[in-house]
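Report on the following structure.
Derivation of every value follows stated rules applied to the coordinates shown; laboratory data play no part. Bear in mind the structure is a predicted one, so any value in this text is a computation, not a measurement. Cβ coordinates were reconstructed from backbone atoms using ideal geometry, including for glycine residues, and neighbour counts include every protein chain displayed.
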Amino acid sequence: MILAIANQKGGVGKTTTAINLAAALAMRGKPTLLIDLDPQSNSSMSYIDIRNAEKSMYDVFVDNAIHLADVIVPATSPPNLSIAPARIALAKLEQRMVGELDAPFRLKDELATLNGRYSHIVIDCPPALGLLTINALVASSHLLIPIQSSYFALEGTDDLLETIEKVRQRPNPELQILGVVITMHDKRTALARDIQDQIRKVFGDKVFRTVISKSVRLEESPAYRESIFTFAPESSGAAEYYSLCEEVIDRA
Ligand SMILES: Nc1ncnc2c1ncn2[C@@H]1O[C@H](COP(=O)(O)OP(=O)(O)OP(=O)(O)O)[C@@H](O)[C@H]1O
Ligand SMILES: [Mg+2]
């Protein structure tokens, strides 16, 4: 399964979902690769010291001599997790690739060179619908959309759905929406419950049963380069991301 985690809205829990879902899959014994396509490099930094990473996804995109396998490094833990790191240079990618007709297909072509080494590939996308997210959507079998439980939760989802439809029409008819996950939910408030109902009305059974609650532990764990499962194994975040992982495996 190649799973893009995308939503062009910023700060909705894409990275938190990508890093913890990838860890949960790896802990279930699945050889998992986490690809960071965000110039902010948040998911890379959650598992490795990117100063030590000589090459990044930027090099994979712009240098024909550098392939995906050349930039992959093992995560500090868990054992089955590997990382393809991002660097701030990715922010220049779009300008750099103007006029290159195969630009949206670079990631897909690179994934083909891995020869099935990973059973699960999780791609963390940046908060935009530009070339990087398009590369992820073209290369993926499935898409997971995190939606933050907040007043403007559904704003922008039309643009995302329109982009998905365009990608499906031509470059990737196989792309399926695996599901929508509600993040940063505060079950004590009536507003959050209303928002949840609204999201379920729009996306129906695409919405995962598992809802990710607001949790300080989930915010803290990346700073210690740990997933929630080793950082706070007894926390609600650990239980919820474990349960999301079960649903992801069941649906794929
Ligand atoms: N369930 C949660 N509870 C509390 N804080 C959370 C939760 N999920 C994410 N956060 C925090 O909210 C902020 C945004 O989350 P995250 O980085 O995962 O979003 P994102 O969609 O990847 O953002 P960007 O669009 O900038 O890439 C981060 O500081 C993160 O630690
Ligand atoms: Mg992010």
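Details
- Computed over the chain: relative contact order in percent, which uses C-alpha pairs under 8 Å that are six or more apart: 26 percent
- Over all other residues within a Cβ to Cβ distance under 12 Å of GLN196, the charged ones net out to +2, with Lys and Arg as +1 and Asp and Glu as -1.
- Of the trypsin sites (Lys or Arg not before Pro) found in segment 82-159, those that fall in a DSSP loop while having at most 15 other beta-carbon atoms within 10 Å are ARG117.
- For the chain, the longest site-free run once chymotrypsin sites (Phe, Trp or Tyr not before Pro) in DSSP loop states with at most 15 other Cβ atoms within 10 Å are removed: 1-150
- Pairs from the table (LYS108/LYS214; LYS9/LYS108; LYS108/LYS187; LYS108/LYS206; LYS30/LYS108) lying more than 32 angstrom apart at Cα are LYS108/LYS214; LYS108/LYS187.
- Comparing mean-square fluctuations of ILE83, ILE199, ILE123 from a GNM of the chain with C-alpha springs under 10 Å, the top value falls on ILE199.
- Positive contributions from Lys and Arg (+1) and negative ones from Asp and Glu (-1), summed over other residues with Cβ under 12 Å from the Cβ of HIS120, come out at +3.
- At most 13 other Cβ within 10 Å, DSSP loop - trypsin sites (Lys or Arg not before Pro), segment 129-221: LYS187, ARG188, ARG209
- In order through segment 10-22: 3J(HN,Hα) via Karplus (6.51 cos²θ - 1.76 cosθ + 1.60), integer Hz, x for Gly, Pro: x, x, 9, x, 4, 5, 4, 5, 4, 5, 7, 5, 4
- Computed over segment 64-146, relative contact order equals 27 percent, with contacts defined as Cα pairs under 8 Å that lie 6+ residues apart.
- For segment 85-174, applying the loop criterion from DSSP together with a ceiling of 15 other beta carbons within 10 Å to the GluC sites (Glu not before Pro) yields GLU100, GLU155, GLU174.
- Highest-MSF residue in the chain out of THR17, THR210, THR113 [GNM, Cα springs under 10 Å]: THR113
- Applied to segment 104-121, the Karplus parametrisation 6.51 cos²θ - 1.76 cosθ + 1.60 on θ = phi - 60° returns per-residue 3J(HN,Hα) values of x, 9, 4, 5, 4, 4, 5, 4, 5, 6, 7, 6, x, 5, 10, 6, 9, 10 Hz, with x for Gly and Pro.
- When the P(r) of segment 2-251 is calculated, the portion above 22 Å amounts to 51% of the C-alpha pairs.
- A simple spin-label model places pseudo-atoms 7 Å from Cα toward Cβ; at ASP205 and ARG117 they are separated by 3.8 nm.
- Using a cutoff of 8 angstrom between alpha carbon atoms and counting only pairs six or more residues apart, the relative contact order for segment 135-252 works out to 24 percent.
- DSSP bridge pairs, segment 2-251: antiparallel proportion in percent, nearest 5: 5 percent
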